[in-house]
Amino acid sequence: MIGLRVEWCKAHARADRWQEEATLLKEEMQRIKMFLAWEKNQWLERASVRMFETDADCKGSAAYAKQQAALRGGGILEATTALWDTIPSLLLTESSGRTEQSSLT
């Protein structure tokens with residue numbers, strides 16, 4: 001009987017660690033999305049600043065900054081969001097299974 005209790009305690013600790021990892025994962029995903037949005041805004045601000053003396057250099061710099069903003073805001077952020085949209089539902093499924101198991105004991 002003691003062995004069974006020990007195994008239950010180990011399983012409970014593993015489930016708690018999994019829950020913590022799931023919480024951390026969701027937080028990291030949110031922070032990455034926020035960072036990419038912030039970075040996009042930084043590039044858009046750089047596009048509006050005149051950094052060079054000649055018009056050609058200014059246009060080139062602005063075009064590069066707008067390209068980087070589009071990459072951060074559009075490409076990377078959209079791809080990341082599309083890829084990660086399924087993860088919270090998977091975590092919810094796992095955590096609801098955990099809740100059902102713990103209510104049985």
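Here are the numbers for this structure:
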| quantity | calculated |
| --- | --- |
| Hits in segment 1-37 - residues which are in contact (Cβ under 8 Å) with a residue 40 or more places away in the chain and β-branched (V, I, T) | I32 |
| Conditions (1) surrounded by 15 or more Cβ atoms within 10 Å (Cβ to Cβ); (2) farther than 30 Å from L90 by Cβ; (3) out of contact with any helix residue (DSSP H, G or I) (no Cβ under 7 Å at 6 or more places or on another chain): number failed by L71 | (2) |
| Odd one out for S48, checked against (1) in contact (Cβ under 8 Å) with a residue 12 or more places away in the chain; (2) surrounded by 10 or more Cβ atoms within 10 Å (Cβ to Cβ) | (2) |
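Values quoted throughout were computed directly from the atomic coordinates according to the rules given, and no laboratory measurement underlies them. Fair warning: this is a prediction, and the values are worked out from it, not measured in the lab. Every residue, glycine among them, receives a Cβ derived from its backbone with ideal geometry; neighbour counts consider all protein chains shown.
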